[in-house]
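What follows is one structure encoded as structure tokens, with my remarks underneath.
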Amino acid sequence: MKNKVRVLVELRPALDGYSGIPQETRLLFRTLLGLKKMAVTGLLQQGGRDITAKMVYAAESERPAAQIRAMSKIVVSFTDDGRRGVAGAISRAISIVMRGISLRASVIAGLSEKLGFFAPVEFEDFVWRRFFAKTLPVDDRPHVLAAQYRVLPLAMATLHRLKISLSGLLRVKRFKKIETRDFDVFISQTPFPGVLSSNTKLIVRYHDAIPIFLPHTIKDRAFHHGAHYDALARNVRSGAYFACVSAATRNDLLKIFPEIEDRAVVIHNTVSPIYSEIDSPKELVKDIVSSRLFRPLAKKYKALSSSHVDVFTRSRLNADQQDFEYLLMVSTVEPRKNHTSLVAAWELLRSRHNEALKLVLVGDLGWDYAEFVDAIVPWVERGELFLLSNVAAPDLRDLYKHAKVTICPSYAEGFDYSGVEAMMSGGVVAASDIPVHREVYEDACIYFNPYSVESIVGGIREAISLRNASETFAEYRRCAKRISARYTAEAISPRWDEFIQSVGSAP
């Protein structure tokens, strides 16, 4: 049998929460592990802080205690560098400066950063709960824990900043070399700010071009815009391949770099098998809402989580004898997600048609949210709007199923999981009329203009009417099942198999 393609897969985004890219990272790794022609290894790396622990570069069968101790320190480095207080802060600052000087010199000299080894056998809880448990069903636990893992000690932010800090010293921007000669293909979840070994081909999982076309909506705008574009341009020049999450994303990429048309393909995201249409009592919804109320860290928004609001909300939920009717939106609160327009539309729906209609928002506070939160605090205090966080997939499945409508009002997206998850769970979807929604949701959706509150109101009313008409709803559900089935692992994995095989065998 021909040798397997050796594939290294970036897992860094899996350290984050429930949003799209972290989910896709976990699901893609699990999907690739099921491909028989692949030898898949996961790459562990931090986003913002280097792993300072000493790396293990080979199995040390004669020194198991030393190896376990070293890997244990790596686990600690993912959350804590061990330095406390003023002295620790000073030590950390000095270390960062000295390490920065050393790393800059290594880039100029063209030295490569080696990958460490990590064996999950003694650290299964860390690997499962930190990287995979938020998305994958527990049945997948043995599969991901049986996989091989490597460690890149340099954080993604460090790789980006190394390039940026050197851009003023050298005529040509240089990136840090990473030793990847043990692998035929490396899959990065974002444009990669590094140089791989000559035998390793790069596949960029390209989620969206929002940092380029909507830079006013992203976090840390100057840094992320520059980091995204510079790494992307370097990947294009180096001959990287691109697996775009949608045709809409591919079209945006080709607007910037039309020369890579032959190297950019569309492979849609995979949706977790947890989302399926099962029988669940609607009474569960109130329990889920009351147990997942958002508790922000910012003192300014203590009204969202103060004890009297919690008590009032729970008593209101318990005392409300009416059917708990609600609209649902699942997304981090950030500018392009369009929460403000949805709340305005919901307020109009309540005043004109159904004053008992609730609004449930699931997601953490991202950035530029102050004005929005100020606007919803009165509704939260009245027990009419519920902001939830840390909602596990089985609970989210129940929320999708029983919502009057799941609404996806974004101005821009790369894929947008929530609509497909709602379809798989038995819900009805209304979404903004943008190219990616038309592509992914097709006819299993009611569309509206995201810039018009009245259009959003109309779209939601149409979706509610569809839900309330049994024959129409049954027809809709057949359509939704057919379309959402395209995003299962069974449907997507052959495309990945074909693409990676072709990249791995390319000259």
For residue 481, counting only aspartates and glutamates whose alpha-carbon sits under 19 Å away and dropping same-chain residues fewer than eight positions off, the answer is 277, 279, 398, 416, 421, 439, 442, 443, 471, 490
Highest mean packing first, using Cβ neighbours within 10 angstrom, the peptides 337-344, 420-427 sort as 420-427, 337-344
With +1 at each Lys and Arg Cβ and -1 at each Asp and Glu Cβ, the charge dipole magnitude of the chain around its Cα centre, to the nearest 20 debye, comes out at 2060
A student applying the Cα gyration tensor rule (rounded when a/c is under 1.5; otherwise prolate if a/b is larger than b/c, oblate if not) would label the stretch 154-262 oblate
Applying the gyration tensor rule to the Cα atoms of the stretch 15-78 (axes a ≥ b ≥ c; rounded if a/c under 1.5, else prolate if a/b exceeds b/c, else oblate), the class is oblate
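Determine, for 143, 437, 228, the number of other Cβ atoms within 10 Å of each Cβ, and report the residues in order from fewest to most.
Lowest to highest Cβ neighbour count: 143, 228, 437.
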Sorting 452, 356, 411 by the position of each Cα along the dipole of the stretch 284-487 (Lys, Arg +1; Asp, Glu -1; all at Cβ), the one nearest the positive end of that ordering is 356
Extend 7 Å from the Cα of residue 72 along its Cα-to-C-beta direction; within the stretch 125-161, residues with backbone N under 15 Å of that point are 125-126
If R0 = 51 Å, then residue 276 and residue 221, at their Cβ-Cβ distance, give a FRET efficiency to the nearest 0.05 of 0.85
If the chain between residue 179 and residue 284 were fully extended at 0.36 nm per residue, the gain over the current Cα-Cα distance would be 32.7 nm
Given Cβ charges of +1 for Lys and Arg and -1 for Asp and Glu, the option among 257, 379, 338 whose Cα lies farthest towards the positive end of the dipole of the chain is 257
Which of 219/358; 36/176; 54/176; 134/201 exceed 26 Å between C-alpha atoms? The answer is 219/358; 36/176; 134/201
Taking R0 as 60 Å and r as the Cβ-Cβ distance between residue 238 and residue 355, the FRET efficiency 1/(1 + (r/R0)^6), rounded to the nearest 0.05, comes to 0.55
Note on the chain, DSSP bridge orientation, antiparallel percent to nearest 5 equals 10
Classified through the alpha carbon gyration tensor (a ≥ b ≥ c as square roots of its eigenvalues; rounded if a/c is under 1.5, else prolate when a/b is larger than b/c, else oblate), the stretch 284-487 comes out prolate
Mean Cβ-within-10 Å packing, highest first, puts peptides 486-492, 444-450 in the order 444-450, 486-492
Calculating semi-axes √(5λ) of the Cα gyration tensor in Å from this structure picks out, from (1) 55, 22, 21; (2) 40, 26, 23; (3) 43, 37, 18, entry (2)
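In the stretch 336-433, what chymotrypsin sites (Phe, Trp or Tyr not before Pro) fall in a loop by DSSP, with at most 11 other Cβ atoms inside 10 Å?
Taking the stretch 336-433 and a limit of 11 other Cβ atoms within 10 Å, no loop chymotrypsin sites (Phe, Trp or Tyr not before Pro) are found.
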Cross-link reach from residue 163 to aspartates and glutamates, straight Cα distance under 20 Å and at least 8 residues apart if same chain, gives 10, 50, 113, 179, 220, 230
The stretch 284-487: antiparallel bridges as % of DSSP beta bridges, rounded to 5, reads 5
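We did not get these values from a lab; they are worked out from the coordinates using the rules stated. Keep in mind that this is a model prediction, so the values were computed, not measured. Note: ideal-geometry Cβ built from the backbone for every residue, glycine included; neighbour counts use all protein chains shown.
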